[in-house]
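**Q** Please find one structure pasted underneath; my questions will follow.
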Amino acid sequence: MSTITVENIAKRFGETQAVKNVSFEVHSGEIFGLLGPNGSGKTTSIRIILDIYQADSGKVSILGGPMTNEKLNHIGYLPEERGLYQDVQLERCLSYFASLKGLSEDQIKERLPRYLEKFDLADHAKKKAKELSKGMQQKGQLIAALIHDPEIIIIDEPFAALDPVNTQLVKKLLIEQRNAGKTIVMSTHQMNQVEQLCDRLVLIDHGRVLLQGKLTEIRERFRTNAMIIDALDPLPEQLDGVARIEKQNGSYCLTPQEGVSAQDLLSALVAQGIKMNTFEVAAPTLDEIFIQVVKEGSDRDE
């Protein structure tokens, strides 16, 4: 079921076409990656979804129809910009944000301490936001986005300023939310996090959709015939059946000659006495796909 449907939205600011005919759907029970370089139109698209901006054309459906004030209470939003009141105690600030989402005083008293404890912020609850580190403020904003148990969670750069321990905490939390059937839209530049978390994605550049679909299908679409091997000994400069040999992070990337399959290559290496720990298809990383698609899109614009 599509919780969010974006149909051909467009938005212009003066001479700048920020978004041009962008369309995608987001389903319940998935983490959806909204990706693109700086200035690509991601944040504008998010603000149109949230009804902060009005699209010049196209439409957005949220939970089965147009946005309403009531539906806003079912959405949790983590903006890229920090939004905590800097001169207000964290506990009081988060209580205020929770009340804006319709939580009663009793609900806030029941939920907020649990979230503060979960995010290791209980000992800092009486501190003003400006007294907290960037990572602590980021965790505070995550609490503000989640405390009202929203059906839809939209997060822009959720891992900014987080150390590895807290990054893992947030990843686990997002997976829990997805498994609970929530709809999650995640915008981030950290492609490794997208690879680990996202079920589907859309890539936007210069306001246009360049690529979208399931992550597994996208990686398969861009797969080459190259192989990665972890050889026990240094390889010779030339090998039968291999057109090109490149060193890659302590391993070797082998490009087979035309017509040579993976099985043929493995057999040829064994026949030549090459000893290996591993032999695997060189699946492209999302970083590599991202760079390739954005470059191809820029080349078409020239």
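**Q** Would you please list the contacts, defined by Cβ atoms under 8 Å and residues six or more apart or on different chains, that run from a residue in the range 62-80 that is at positive phi to a residue that is assigned to a loop (DSSP other than H, G, I, E, B)?
**A** From the range 62-80, the pairs are Leu63/His74; Leu63/Glu151.
**Q** Related question: Take the residues in the range 87-104 that are in a loop (DSSP other than H, G, I, E, B) and closer than 14 Å to Gln141 by Cβ; name whichever of them is modelled with the lowest pLDDT. Walk me through it before giving the result.
**A** At the first step, the residues of the range 87-104 found to be in a loop (DSSP other than H, G, I, E, B) are 87-88, 101-104.
Filter once more, so that each one left must be closer than 14 Å to Gln141 by Cβ: 88, 101.
Working: Val88: 96, Lys101: 93.
Ranking the qualifying residues of the range 87-104, first place goes to Lys101.
**Q** Within the range 218-243, track down each residue that is out of contact with any Pro (no Cβ under 7 Å at 6 or more places or on another chain) and more than 30 Å from Leu35 (Cβ to Cβ).
**A** Scanning the range 218-243 gives Ile229, Asp230, Ala231, Leu232, Asp233, Pro234, Leu235, Pro236, Glu237, Gln238, Leu239, Asp240.
**Q** Whether any residue in the range 242-254 is in a loop (DSSP other than H, G, I, E, B) and touching a residue at least 24 places away in the same chain (Cβ under 8 Å) is what I want to check.
**A** Of the residues in the range 242-254, the ones in a loop (DSSP other than H, G, I, E, B) are 249-250.
With the extra rule that they be touching a residue at least 24 places away in the same chain (Cβ under 8 Å), the set shrinks to none.
No, the range 242-254 contains no residue that is in a loop (DSSP other than H, G, I, E, B) and touching a residue at least 24 places away in the same chain (Cβ under 8 Å).
**Q** Within the range 123-142, is even one residue under 25 Å from Ser28 (Cα atoms) and of a type in the set (A, V, I, L, M)?
**A** For the range 123-142, residues under 25 Å from Ser28 (Cα atoms) and of a type in the set (A, V, I, L, M): present.
**Q** Can you name the residue in the range 144-167 that is out of contact with any strand residue (DSSP E or B) (no Cβ under 6 Å at 6 or more places or on another chain) and not in a loop (DSSP other than H, G, I, E, B) and, of all such residues, is surrounded by the most Cβ atoms within 10 Å (Cβ to Cβ)?
**A** Here the answer is Ala144.
**Q** Considering only residues that are polar (S, T, N, Q) and under 16 Å from Val26 (Cα atoms), look in the range 168-208 and name the one that is surrounded by the fewest Cβ atoms within 10 Å (Cβ to Cβ).
**A** So in the range 168-208, the residues polar (S, T, N, Q) come out as 168, 177, 179, 183, 187-188, 190, 192-193, 196.
Next cut, under 16 Å from Val26 (Cα atoms) only: 177, 179, 183, 187.
Values: Gln177: 19, Asn179: 9, Thr183: 26, Ser187: 23.
Filtering first and then ranking leaves Asn179.
**Q** Given the condition buried (at least 19 other Cβ atoms within 10 Å of the Cβ), among the polar types (S, T, N, Q) and within 17 Å of the chain's Cα centre (by Cα), answer yes or no: does some residue in the range 27-35 qualify?
**A** Checking the range 27-35: not a single residue is buried (at least 19 other Cβ atoms within 10 Å of the Cβ), among the polar types (S, T, N, Q) and within 17 Å of the chain's Cα centre (by Cα).
**Q** For Gln54, all conditions in the list (1) surrounded by 14 or more Cβ atoms within 10 Å (Cβ to Cβ); (2) out of contact with any strand residue (DSSP E or B) (no Cβ under 7 Å at 6 or more places or on another chain); (3) within 30 Å of Thr16 (Cα to Cα) hold save one; what is the number of the exception?
**A** Only one criterion in (1) surrounded by 14 or more Cβ atoms within 10 Å (Cβ to Cβ); (2) out of contact with any strand residue (DSSP E or B) (no Cβ under 7 Å at 6 or more places or on another chain); (3) within 30 Å of Thr16 (Cα to Cα) is unmet by Gln54, namely (1).
**Q** If I filter the range 121-135 for residues that are touching a strand residue (DSSP E or B) at 6+ places or on another chain (Cβ under 8 Å), surrounded by fewer than 20 Cβ atoms within 10 Å (Cβ to Cβ), at pLDDT 95 or above and not charged (D, E, K, R), do I get at least one hit?
**A** yes
**Q** Quick check on the range 38-49. Is at least one of its residues touching a Phe, Trp or Tyr at 6+ places or on another chain (Cβ under 8 Å), over 22 Å from Leu173 (Cβ atoms), surrounded by 15 or more Cβ atoms within 10 Å (Cβ to Cβ) and of a type in the set (D, E, K, R)?
**A** Yes, there is a match, as at least one residue in the range 38-49 is touching a Phe, Trp or Tyr at 6+ places or on another chain (Cβ under 8 Å), over 22 Å from Leu173 (Cβ atoms), surrounded by 15 or more Cβ atoms within 10 Å (Cβ to Cβ) and of a type in the set (D, E, K, R).
**Q** Of all residues in the range 128-166, count the ones that are without any contact (Cβ under 8 Å) to a residue 12 or more places away in the chain and over 20 Å from Ser95 (Cβ atoms).
**A** Residues in the range 128-166 being without any contact (Cβ under 8 Å) to a residue 12 or more places away in the chain and over 20 Å from Ser95 (Cβ atoms): 2 in total.
**Q** Something else about it: Which residue is nearest to the chain's Cα centre (by Cα), if the candidates are limited to the range 175-196 and must be at pLDDT 95 or above, within 17 Å of Asp156 (Cβ to Cβ) and aliphatic (A, V, I, L, M)?
**A** Result: Met186.
The values are calculated or read from the model by the stated rules, or taken from the named source; none is laboratory data. Fair warning: this is a prediction, and the values are worked out from it, not measured in the lab. Note: ideal-geometry Cβ built from the backbone for every residue, glycine included; neighbour counts use all protein chains shown.
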